[in-house]
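Novice: My structure is below; once you've seen it, I'll send some questions.
The values are calculated or read from the model by the stated rules, or taken from the named source; none is laboratory data. Worth saying up front: this structure is predicted, and the values here are computed from it rather than measured. FYI the Cβ positions are ideal-geometry reconstructions off the backbone, even for glycines, and counts take in every protein chain you see. Note: areas computed on protein heavy atoms with side chains; ligands, DNA, RNA excluded. Shrake-Rupley method; radii C 1.70, N 1.55, O 1.52, S 1.80 Å.
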Amino acid sequence: MSETKLLQMSNITKAFASNVVLNGVDISVDEGEVVAILGENGAGKSTLIKILGGIYKADAGEIRIHGEIRNINSSAVAGENGIRIIHQEIVLVPDRTIAANVFLGREPKNKFGLVDVAEMERQTQKLIDDLHLNLRADQMVRSLTMGMQQLVEIIKAISADAKIVVMDEPTSSLSQGEVEILFGIIRLLREKNIGIIYISHRLEELFEITDRIVVLRDGKMVGDIRTKEADRDHLISLMVGRELSSFYTKNKHDIGKVALEARNLSHTKLFSNASFTARYGEIVGFAGLVGAGRTELMKTVFGAYPKSGGEIFLDGRPVDIRSPQDAIRNGIAYVSEDRRGEGLILKNDVKFNMGLVCLSDFVNGIHVRDKEWNNMVEDYRKKFSIKITSPRQLAGNLSGGNQQKIVLSKWLAKNPKVIILDEPTRGIDVGAKAEIYSIIDGLAARGACIIMISSELPEIINMCNRCYVMCEGKITGEINETEFSQEAMMALATKSE
Ligand code: ADP
Ligand code: MG
């Protein structure tokens, strides 16, 4: 056969001590092809990529580039072979310009041996312009949004002769607009015949941008499917190894009277004149781009930010909420988007974290109601199938899905009337996502009023009864589920005045 692939990894096997994390994995990428690696946490995706990047050494298997075996035993060798890996963590220097970051460690020099700043900026600007980005090479990285910083990582990766670009969960910190920019970049790379490996949990994205999807489960390749022929439920069942009856759960519930209402709620800087209602048994979405003011609005309802004007009503009566304690006393819960920073105390154990909101019920002076506390932990462990080895396990070591279930348990133990969920499934595996959706649906079925901020439009469309859309600190529209569409939401999300 004369046809050779740009990249062919064959029979890749790797164990850490006795733990076999990759078992005979084959994956290939053609020139100009975008291949997804899909798999739950721990499936072995990053390990496979680190082998390609020369960070880990495989126990068996081979890597060929254009048919030739390459011994990629260091990241320098990976680099020489045109392999560029964009890791999830941003490693830019914030107090330097974009150009300085792009050329870090390989700065062009002038005839005096000094860094040629003008040349560096000229070359960087050319890269930026080629990618049609609205950036200036001399801008400080610190001044950019997280999403834009991620795009600078990508410019940096492709600035030197790249053949294969790997992106490990690139969109987790991008807004919808930035995702579109990223996809534009990927299409340009594809036209330049660069091969791309794209790792993501977000199925919708894979359908939009990839040519082929390789599924890993427990270190084995369980599927290699053309995206055109792929079916979402089938992919999910391959990934989780069992049939999920459905990904989203949306049962019909009785929708009751208005639980929470905001009238002309304003903040000095972050949002203004926000008015909305949310009913018992209803799931109300808040869609918008990252930075639209949704989190700030909800943190104000929750008393974490001061309002500069407007009123909040619960059950039709005005309430004065000046702190999260006031909100909790009034039956409002807020599940933060920043699970690791605000939702959990990572260095404490599961039991401690689950008890946090109800601490005063469990601990009264020196008297600890340990039995009740343990029962509560055990109840939620069973109810939400939380995978822990013991209630004493540290929260920081759990997967995102299990952490989110713990945060939910912590709030639900207090029986809140209104539950505000801020990006409740961000960074969570599909299997666990489906479980979280079912938990959310169950809460609404039991009459709770749910507000769900989400930047994933399919999540809003498939879970909510109604949604509001925000743009630049204003509510720009309200849509009923019968009228839901991504187009309608995007139009309102970008409708600035
Ligand atoms: P994914 O990226 O798909 O979430 P990883 O490749 O990070 O999965 O991990 C696969 C498995 O390998 C996990 O069980 C993980 O705990 C284990 N693993 C990853 N890196 C190491 C390491 N350096 N030492 C020991 N075990 C590791
Ligand atoms: Mg990983």
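Novice: Kirkwood Rh over Cα pairs of the stretch 173-215 into Stokes-Einstein at 20 °C, 1.002 mPa s: D in µm²/s?
Specialist: 193
Novice: Among the aspartates and glutamates, which have Cα under 17 Å from the Cα of LYS14 when same-chain residues fewer than 8 positions away are ignored?
Specialist: Candidates past the 8-residue exclusion: ASP26, ASP59, GLU62, ASP218.
Novice: Next question, about the same structure. If I take R0 = 56 Å and measure r between the Cβ atoms of SER10 and LYS387 in this structure, what FRET efficiency does the formula 1/(1 + (r/R0)^6) give, to the nearest 0.05?
Specialist: Rounded to the nearest 0.05, the efficiency is 0.95.
Novice: Calculate the spin-label point distance for LEU359 paired with ASP379, positioning each point 7 Å from the Cα along the beta-carbon direction, and give it in nanometres.
Specialist: Result for the modelled spin labels: 2.1 nm.
Novice: With charges only on Cβ, +1 for K and R and -1 for D and E, what is the dipole size of the stretch 94-169 about its Cα centre, in debye, rounded to 20?
Specialist: 220
Novice: Two decimals, Cα atoms only, Kirkwood Rh: what is Rg/Rh over the stretch 28-118?
Specialist: 1.06
Novice: Let me ask another. At a Förster distance of 22 Å, what's the computed FRET efficiency of GLU68 paired with ARG106, Cβ-Cβ distance as r, to 0.05?
Specialist: It comes to 0.30.
Novice: Something else: Could you tell me the distance between the Cα centroids of the stretch 313-343 and the stretch 95-133, to the nearest Å?
Specialist: Each part's Cα centre sits 48 Å from the other's.
Novice: Could you list, bin by bin from short to long, the percent of Cα-Cα pairs of the stretch 1-159 in 10 Å steps?
Specialist: 10, 31, 29, 22, 8, 0
Novice: Further, regarding this structure: What is the helix-to-structure angle for 400-412, meaning the angle in degrees between its Cα long axis and the longest Cα principal axis of the chain, kept from 0 to 90 and rounded to the nearest 10?
Specialist: Helix 400-412 sits roughly 10 degrees off the main axis of the chain.
Novice: Using square roots of five times the C-alpha gyration tensor eigenvalues, list the equivalent-ellipsoid semi-axes of the stretch 359-497 in whole Å, biggest first.
Specialist: Here the semi-axes work out to 34, 16, 14 Å.
Novice: Still on this structure, please answer the following. When the solvent-accessible surface of protein heavy atoms is calculated with a 1.4 angstrom probe, in what order do THR300, THR4 fall, highest first?
Specialist: Ranked list, largest accessible area first: THR4, THR300.
Novice: Of HIS267, HIS132, which has the most accessible area and how do the rest follow, probe 1.4 Å? Provide the component values of the computation, followed by the final result.
Specialist: Values: HIS267 30, HIS132 145 Å².
Sorted descending by solvent-accessible area, the residues read HIS132, HIS267.
Novice: In debye, nearest 20, what is the charge dipole magnitude of the chain about its Cα centre with +1 on Lys and Arg Cβ and -1 on Asp and Glu Cβ, if you could check?
Specialist: Charge dipole of the chain: 1300 debye, to the nearest 20.
Novice: Using only the alpha-carbon atoms, how far is helix 370-383 inclined from the longest principal axis of the chain? Give it as 0 to 90 degrees, nearest 10.
Specialist: Around 60 degrees separate the two axes.
Novice: Compute the separation of the alpha-carbon centres of the stretch 216-279 and the stretch 53-86 and state it in Å as a whole number.
Specialist: Measuring centre to centre over Cα atoms gives 37 Å.
Novice: At a Förster radius of 41 Å, what calculated FRET efficiency corresponds to the Cβ-Cβ distance of GLU483 and LEU114, to the nearest 0.05?
Specialist: Details: r = 61 Å, r/R0 = 1.49.
Given R0 = 41 Å and the Cβ-Cβ separation, E is 0.10.
Novice: Still on this structure: As an exercise, take the mean of 1/r over every pair of distinct alpha carbons in the stretch 210-356, invert it, and state the Kirkwood radius in angstroms.
Specialist: On the way: mean 1/r = 0.0524 Å⁻¹.
Taking every pair of different Cα atoms in the stretch 210-356, averaging 1/r and inverting gives 19.1 Å.
Novice: Please express the Cα-Cα pair-distance distribution P(r) of the stretch 288-447 as a list of whole percents, one per 5 Å bin, running from 0 to the bin with the greatest distance.
Specialist: Binned Cα distances yield the sequence 2, 8, 17, 20, 21, 16, 10, 5, 2, 0.
Novice: Given the DSSP H assignment, sum -39500 (n - 2.57) over each helix run of at least 4 residues in the chain and divide by its residue total; what's the result at 222 nm in deg cm²/dmol, nearest 500?
Specialist: Dividing the helical sum by the residues of the chain leaves -9500 deg cm²/dmol.
Novice: If the convex hull of the alpha-carbon atoms of the chain is projected onto planes in all directions, what is the mean projected area in square nanometres?
Specialist: If you wrap the Cα atoms of the chain in a convex hull and average its projections, you get 27.3 nm².
Novice: Please report the net charge: other residues with Cβ closer than 15 Å to the Cβ of ILE155, K and R +1, D and E -1.
Specialist: My count for the surroundings of ILE155 gives +1.
Novice: Along each of its three principal axes, how wide is the spread of alpha-carbon positions in the stretch 101-201, in whole angstrom units, largest first?
Specialist: Between the extreme Cα coordinates on each principal axis of the stretch 101-201 lie 49, 31, 21 Å.
Novice: Another question, then. Helix 146-159 versus the longest principal axis of the chain: what angle, 0 to 90°, nearest 10, using Cα atoms?
Specialist: Helix 146-159 sits at roughly 10 degrees to that axis.
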